[in-house]
Every structure is written in C-alpha cells, then in structure tokens.
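**Q** Handing you this structure, nothing more for now.
The values are calculated or read from the model by the stated rules, or taken from the named source; none is laboratory data. Every value quoted in this text rests on a predicted model; they were computed, and no experiment measured them. Glycine gets a Cβ as well: all are built from the backbone with ideal geometry, and neighbour counts include every protein chain shown.
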Amino acid sequence: MENPKFFARETVATTAAEELSRENRGDGIVVRDLQRQLANAFVLFGNYKHYHWQVFGPLFRDVHELFDLLANDVLSTIDPLAERIRMIGPASDPTEWTHLASVSVAAPHTSLRYMIEEADQNVLIVIREMRLAAYSADEHRDPGTVDLFTRFVQTHEKAEWWLRDMLRRGDGLVT
C-alpha cells in the first residue's frame, strides 16, 4: 500500500517548485533586478579599478588603496548575484551587461575630487536600486534574494559613507 504522507509531501514540493518558477521567470521583476545589479557590479568594479590606477596627488597611497578595497568588495558580490540569477531564472547574458547597468562607466578625470564624486554618485544609484529591489523581492516572497540585496546594500552603504566623508570640504586636500 502506498503511503499517503509521501504523496502529500510530493504535492507540496511540486507546488512550491511551480510557484518559484512562475514568480521568478526570466522576464520577472526579481530576476531583472538581479541582472541589473550584476551589470552594475561589473561597471563599479571596472570603475574602482580605473580610479585605483588613475589616482594622483598628496592622498595617492590612501585613495589608491581605498579604491582597490572597494573594487574587491564589489568583486565579491558578482558571483553570488550571478548564481542567484541561475537559481531562480535564466543565465545572464554578458552581452547585455553594459545595457542593463544604471551606473555610468568612469569618465576621463581632471581631479581626484571628480573621481570621488563620480564614484559616490554611482554607488548612491546602486544603494537606491538595491533597497527597492529588496522590497520588490520581499513582495514576491523571495527571501533568498532579499537576503542577498540586504547584505550587499550594506557593503555599498559603507563605501558611500567613506566617499562622502572624503568629499567634505575644509581640509583643502580633495579640491
């Protein structure tokens, strides 16, 4: 005789899998938010490395090291974002990354201050989008994506705090 508890568990598991598939389609908002933040992470990483290589002036060593740290922090988010996309949706197409990104690729710079301002503006965009994406993922009952965005937004908030404090006027170093 077949065990009815087994069939009840199987039905629950099948229903849960169908819900996840339906809610996290490739064209769904949660997957699109993840894809956008993956694209942003690639652009931010490239930007931070660009700034790292282009730093000059009396704060060279400290700012050079800071941008390397920020690049490594962003780099550590890329694989988890890409893997989350694969867990709940289709593979991300690398040819779309630059089109999906909402942050700007680094521009030629004439001053250290301009580099830091550009980095700060870009990270503020990411923070805003990740907060909204976490809210959206929560509305779609996706706690795994909420957790990912919650952890990563804290990384970006710390970077923004450091960049914002570097831009404070008064010391005459970042002009």
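**Q** Exactly one condition in (1) within 11 Å of the chain's Cα centre (by Cα); (2) within 18 Å of Asp33 (Cα to Cα) is false for Thr95; which is it?
**A** (1)
**Q** State the number of residues belonging to the range 35-89 that are among the hydrophobic types (A, V, I, L, M, F, W, C), more than 22 Å from His140 (Cα to Cα), over 10 Å from the mean Cα position of the chain (by Cα) and surrounded by fewer than 18 Cβ atoms within 10 Å (Cβ to Cβ).
**A** Here the count works out to 5.
**Q** Among what's in the range 91-120 and is among the hydrophobic types (A, V, I, L, M, F, W, C) and without any contact (Cβ under 8 Å) to a residue 40 or more places away in the chain, pick the residue that is surrounded by the fewest Cβ atoms within 10 Å (Cβ to Cβ).
**A** As a first pass, look at the range 91-120 and keep what is among the hydrophobic types (A, V, I, L, M, F, W, C): 91, 97, 100-101, 103, 105-107, 112, 115-116, 119.
Next cut, without any contact (Cβ under 8 Å) to a residue 40 or more places away in the chain only: 91, 107.
Details: Ala91: 9, Ala107: 11.
Among those residues, the one meeting the criterion is Ala91.
**Q** Looking at the range 101-112, can you tell me whether even one residue there is part of a helix (DSSP H, G or I) and either of a type in the set (Asp, Glu) or at pLDDT 95 or above (or both)? Reasoning before the result, please.
**A** First pass over the range 101-112, keeping only residues part of a helix (DSSP H, G or I): 112.
Okay, now just the ones that are also either of a type in the set (Asp, Glu) or at pLDDT 95 or above (or both), so none.
No: the range 101-112 contains no residue that is part of a helix (DSSP H, G or I) and either of a type in the set (Asp, Glu) or at pLDDT 95 or above (or both).
**Q** Here's something else I'd like to know. Do any residues in the range 146-161 that are closer than 14 Å to Ile125 by Cα have Cβ atoms under 6 Å from those of residues that are of a type in the set (S, T, N, Q) and surrounded by fewer than 18 Cβ atoms within 10 Å (Cβ to Cβ), where the two are at least six apart or on different chains, and which pairs are they?
**A** none
**Q** Another question, if that's okay. Suppose we filter Arg141, Arg151, Arg128, Arg164 for residues that are in a loop (DSSP other than H, G, I, E, B) and either over 15 Å from Phe45 (Cα atoms) or not polar (S, T, N, Q) (or both); which single one remains? If you could, list the steps in order and put the result at the bottom.
**A** Working: Arg151 fails: in a loop (DSSP other than H, G, I, E, B); Arg128 fails: in a loop (DSSP other than H, G, I, E, B); Arg164 fails: in a loop (DSSP other than H, G, I, E, B).
Just one listed residue meets the conditions, Arg141.
**Q** If Ala71 satisfies every condition in (1) in contact (Cβ under 8 Å) with a residue 40 or more places away in the chain; (2) over 20 Å from Val31 (Cβ atoms); (3) touching a Leu at 6+ places or on another chain (Cβ under 9 Å) but one, which is the exception?
**A** Only one criterion in (1) in contact (Cβ under 8 Å) with a residue 40 or more places away in the chain; (2) over 20 Å from Val31 (Cβ atoms); (3) touching a Leu at 6+ places or on another chain (Cβ under 9 Å) is unmet by Ala71, namely (1).
**Q** Among the residues of the range 135-145, which ones are under 18 Å from Ala82 (Cβ atoms) and free of Cβ contacts under 8 Å to residues at least 24 places away in the same chain?
**A** The answer is none; no residue qualifies.
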